[in-house]
Amino acid sequence: MAAIRHDCKMYDIKRLLSLRQSCPTFRLTLLNGGTILDSRDSWQKLGKPTRLTMVQAAPVDSFVYDFCEDLLDAASRGDVLDVDEILAKGQCPDVLTPGGESVLFVAAMNGYLEVAQALLGAGASLDRRVRGWYTPLYIACWQGHLDVVRLFLEAGADPDQGFCAAVFRGHTAVVEFMIQSGADVRQADEHGQLPLQIACAEGHLAIVTLLAKAQATLGWDLQTDELLHAAVSSSQLEVARFLVQAGVDPSGVDASGETPLQVARRQEDSDLIHLLENAAAQMSVSRRCADSPNPCLNHIFQERQLWMTPVQT
């Protein structure tokens, strides 16, 4: 076992043993001689005992519901020691708040990693939804609690459940981890919006870059889904610049028949108008180049302005 710090508590030792034994901490009891040690006891104040006895309790056959309020209170405070004590009594971990949130949802919302670990160890459900949609993973993604997200994914949660929430909130590290964990980058949210559309509209350039790279790896075209329209409509200049540089056509039309440039003009956004006018001009040059009957002149068309007189051959 790892070296024990002088300031550690019995709970810290139980955590180490829990990892080693693959057993939740609330099912472990430590004894010094014949004395049961409290998880809050300090190893140093106990005289730094070098020989402790560990007792591992068997899983309960059935849950009790006598300590629901106590469990809710302890979890809401992030007090993992109280949570452990209550779970050790056989309390069901799937208690609901008056608003319908599970205790695990509350722990995830607040980023209480150790409380979430204890609840999962007691069998708390990862799939219980609030208002039919929001899972513990969803709220952890929404809040950006990467450690809790990692815990839930390792416990078998579906990475698609909260992916769009992390994108919307701009939690880049969470988004990157979920992509690596197999999240579907084309999975729409509850409003039918795709992750890349959301990131473009919200101006999260780092996430746009991640998603664009992921989609390119899968062979999907950035021209679709009105991405440039989403960025322009929300006045996201840097995202619009990224999309234009990535080759998105600035003359594409949305469902209403508008181009991004028309949207920018309607919004009187001078920076976006300048960007899109230049992009449209460069796109026109590229098309003239592609249509040139003499391929050897292509580089000339690329280097000259639109007003140039074509070179005679």
Quick check: anything in segment 83-93 in contact (Cβ under 8 Å) with a residue 24 or more places away in the chain, assigned to a strand (DSSP E or B) and under 35 Å from the mean Cα position of the chain (by Cα)? yes
Mind listing whichever residues of segment 54-73 are free of Cβ contacts under 8 Å to residues at least 24 places away in the same chain and surrounded by 14 or more Cβ atoms within 10 Å (Cβ to Cβ)? Asp70, Asp73
Could you list, in sequence order, all residues of segment 14-40 that are within 13 Å of Val55 (Cα to Cα) and either touching a His at 6+ places or on another chain (Cβ under 7 Å) or not in a strand (DSSP E or B) (or both)? Lys14, Leu17, Ser18, Gln21, Cys23, Pro24, Thr25, Phe26, Arg27, Gly33, Gly34, Leu37
So which residues in segment 4-37 are modelled with pLDDT under 80 and acidic (Asp, Glu), if there are any at all? Asp7
Considering only residues that are free of Cβ contacts under 8 Å to residues at least 60 places away in the same chain and in a helix (DSSP H, G or I), look in segment 121-142 and name the one that is nearest to Phe63 (Cα to Cα). Pro136
Taking segment 176-193 and keeping only residues that are farther than 15 Å from Gln215 by Cα, exposed (fewer than 14 other Cβ atoms within 10 Å of the Cβ) and not charged (D, E, K, R), one is left with His191, Gly192
So Gln21 ticks every box in (1) without any contact (Cβ under 8 Å) to a residue 24 or more places away in the chain; (2) under 31 Å from the mean Cα position of the chain (by Cα); (3) surrounded by fewer than 16 Cβ atoms within 10 Å (Cβ to Cβ) but one. Which box is left unticked? (1)
Within segment 92-103, can one find any residue that is surrounded by fewer than 19 Cβ atoms within 10 Å (Cβ to Cβ), hydroxyl-bearing (Ser, Thr, Tyr) and over 11 Å from Leu151 (Cβ atoms)? yes
Look at Ala216 and say whether it is under 30 Å from Ile139 (Cα atoms) and without any contact (Cβ under 8 Å) to a residue 12 or more places away in the chain. yes
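The values are calculated or read from the model by the stated rules, or taken from the named source; none is laboratory data. Note that the structure is predicted; figures quoted are calculated from it, not measured. Cβ atoms come from the backbone with ideal geometry, glycine included; neighbour counts cover every protein chain shown.
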